[in-house]
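Read through the structure below, which is laid out as structure tokens, and then see the notes.
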């Protein structure tokens with residue numbers, strides 16, 4: 001297996017979500033690559049205090065930095081609501097960690113939240129018996145997300161979060177342009193149906209990837225797994241004052257050319273989206289309509305994650321399905337219900353294929369769904385657990 005810096009960028013992307021069991025789509029990550037992580041410590045408590053938007057914004061900020069400074073390398077990552085996990089070749093590891101350390105400084109200074117940053121080598125994970133395999137899922141032409149399996153990413157996440165020596169201690173500072181791709185100016189988006197469900201599933205048993213395939217097939221008969229579009233008719237852009245207040249916290253210094261540029265950009269965007277205008281280089285209607293093809297609403301990183309709008313009947317059927325299969329020992333799950341979703345955007349440019357929009361459930365989404373799943377894991381499988389023949 002090559003250890004080229006272009007290992008991931010050279011992979012062929014598949015438009016189908018998701019043949020998790022299909023080994024032909026997955027490739028072993030080179031052992032000299034590294035797993036890097038940034039996540040908000042104490043995110044559950046921060047969410048309980050009503051700071052879920054801050055948590056979500058800082059979770060996506062690492063992606064914005066990655067795309068600002070390292071986009072040419074097309075590095076694989078996954079956004080988890082309160083943080084980001086990514087893979088990087090050895091020659092980029094230190095530069096990325098330096099930027100994430102600077103983000104941690106801003107997080108503490110501007111948000112009073114601790115952002116944990118850490119790393120572990122793929123080689124060490126392999127030696128401990130953990131593999132990382134990766135595939136590419138195409139959202140639209142020119143924009144793909146990474147799909148992970150093998151168990152190594154989840155093992156890395158646990159080790160970095162629980163072992164202090166893997167966590168970065170050094171400090172740094174961001175400049176006024178480091179977060180210029182990050183945008184969080186849309187108000188919470190109402191569900192197109194009765195509820196927005198944020199879902200995390202961990203399959204159990206001796207053949208988990210086949211189980212995931214069967215779960216996906218089952219879910220398609222219950223909910224609209226393949227939905228992409230947000231409730232475009234009900235989406236609304238924040239006002240100029242609210243947008244500027246939020247923007248101010250992303251800049252170490254307000255007396256900077258970076259903040260001035262964003263100030264002007266915000267004013268133009270507020271007017272353009274309110275009146276659905278076309279200004280030089282930007283068409284508000286075209287951009288808004290393209291969001292559905294650039295949306296990260298579902299992912300797989302050893303766990304199946306999705307944010308999906310459901311009716312009350314679909315939600316009841318979903319809960320029944322999940323709990324029945326949990327009691328039968330097929331899966332662990334976490335489920336969070338809200339009436340809205342949050343959308344955080346990373347926008348290098350507004351051209352097709354050059355922006356991505358991360359969805360999470362409002363009021364805690366992925367973070368609270370993960371908390372529920374961890375509680376199930378702590379209890380272990382129910383005593384009567386069995387794996388049905390059609391899922392084994």
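Determine if segment 178-201 includes at least one residue that is surrounded by fewer than 18 Cβ atoms within 10 Å (Cβ to Cβ), under 30 Å from residue 118 (Cα atoms) and in contact with a helix residue (DSSP H, G or I) (Cβ under 9 Å, 6 or more places away or on another chain). Steps first, answer last, please.
Start the filter on segment 178-201 by keeping residues that are surrounded by fewer than 18 Cβ atoms within 10 Å (Cβ to Cβ), which leaves 187, 194.
Filter again for under 30 Å from residue 118 (Cα atoms), leaving none.
Looking through segment 178-201, none of the residues is surrounded by fewer than 18 Cβ atoms within 10 Å (Cβ to Cβ), under 30 Å from residue 118 (Cα atoms) and in contact with a helix residue (DSSP H, G or I) (Cβ under 9 Å, 6 or more places away or on another chain).
For residue 53, the conditions (1) surrounded by fewer than 20 Cβ atoms within 10 Å (Cβ to Cβ); (2) over 15 Å from the mean Cα position of the chain (by Cα) all hold with the exception of (2). In segment 231-239, is there at least one residue being in a loop (DSSP other than H, G, I, E, B), in contact with a strand residue (DSSP E or B) (Cβ under 6 Å, 6 or more places away or on another chain) and within 30 Å of residue 147 (Cα to Cα)? For segment 231-239, residues in a loop (DSSP other than H, G, I, E, B), in contact with a strand residue (DSSP E or B) (Cβ under 6 Å, 6 or more places away or on another chain) and within 30 Å of residue 147 (Cα to Cα): present.
When 214, 312, 317, 231 are checked against the criterion of being touching a residue at least 40 places away in the same chain (Cβ under 8 Å), farther than 27 Å from residue 176 by Cα and touching a helix residue (DSSP H, G or I) at 6+ places or on another chain (Cβ under 8 Å), a single residue qualifies: 214. Tell me the residue from 172, 239 that is in contact (Cβ under 8 Å) with a residue 60 or more places away in the chain and more than 30 Å from residue 129 (Cα to Cα), please. Result of the check over 172, 239: 172.
Considering each of 144, 176 in turn, give the residue that is over 22 Å from the mean Cα position of the chain (by Cα) and closer than 25 Å to residue 358 by Cα.
176
Considering (1) in a loop (DSSP other than H, G, I, E, B); (2) surrounded by 13 or more Cβ atoms within 10 Å (Cβ to Cβ), the lone condition that residue 255 does not fulfil carries the number (2).
Among the listed residues 167, 163, identify the single one that is farther than 30 Å from residue 24 by Cβ, surrounded by fewer than 18 Cβ atoms within 10 Å (Cβ to Cβ) and within 21 Å of the chain's Cα centre (by Cα). Write out each step before concluding.
Working: 163 fails: within 21 Å of the chain's Cα centre (by Cα).
Result: 167 is the single residue among 167, 163 that is farther than 30 Å from residue 24 by Cβ, surrounded by fewer than 18 Cβ atoms within 10 Å (Cβ to Cβ) and within 21 Å of the chain's Cα centre (by Cα).
Of all residues in segment 276-293, none are over 21 Å from residue 227 (Cβ atoms), crowded, with 21+ Cβ neighbours inside 10 Å and out of contact with any helix residue (DSSP H, G or I) (no Cβ under 7 Å at 6 or more places or on another chain).
To keep it simple, each residue is scored yes or no on (1) in a loop (DSSP other than H, G, I, E, B); (2) at pLDDT 95 or above; (3) loosely packed, with under 14 Cβ neighbours inside 10 Å.
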| site | (1), (2), (3) |
| --- | --- |
| 4 | yes, no, yes |
| 17 | yes, no, no |
| 24 | no, no, yes |
| 35 | no, yes, no |
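Of the residues 271, 264, which single one is surrounded by fewer than 16 Cβ atoms within 10 Å (Cβ to Cβ), touching a helix residue (DSSP H, G or I) at 6+ places or on another chain (Cβ under 9 Å), farther than 30 Å from residue 312 by Cβ and at pLDDT 90 or above? Quick ask: steps written out before the conclusion?
Details: 264 fails: touching a helix residue (DSSP H, G or I) at 6+ places or on another chain (Cβ under 9 Å).
Of the residues listed, the single one that is surrounded by fewer than 16 Cβ atoms within 10 Å (Cβ to Cβ), touching a helix residue (DSSP H, G or I) at 6+ places or on another chain (Cβ under 9 Å), farther than 30 Å from residue 312 by Cβ and at pLDDT 90 or above is 271.
The requirement of being closer than 30 Å to residue 176 by Cα, in a loop (DSSP other than H, G, I, E, B) and in contact with a strand residue (DSSP E or B) (Cβ under 7 Å, 6 or more places away or on another chain) is not satisfied by residue 293. Do the conditions hold for residue 153, that is, is it surrounded by fewer than 21 Cβ atoms within 10 Å (Cβ to Cβ) and either under 27 Å from residue 354 (Cβ atoms) or touching a strand residue (DSSP E or B) at 6+ places or on another chain (Cβ under 8 Å) (or both)? Judged against the criteria, residue 153 is not a match.
The values are calculated or read from the model by the stated rules, or taken from the named source; none is laboratory data. Not measured: the values here are computed from a predicted model. Methodologically, a virtual Cβ is constructed for each residue, glycine included, from the backbone with ideal geometry; neighbour enumeration extends over all protein chains shown.
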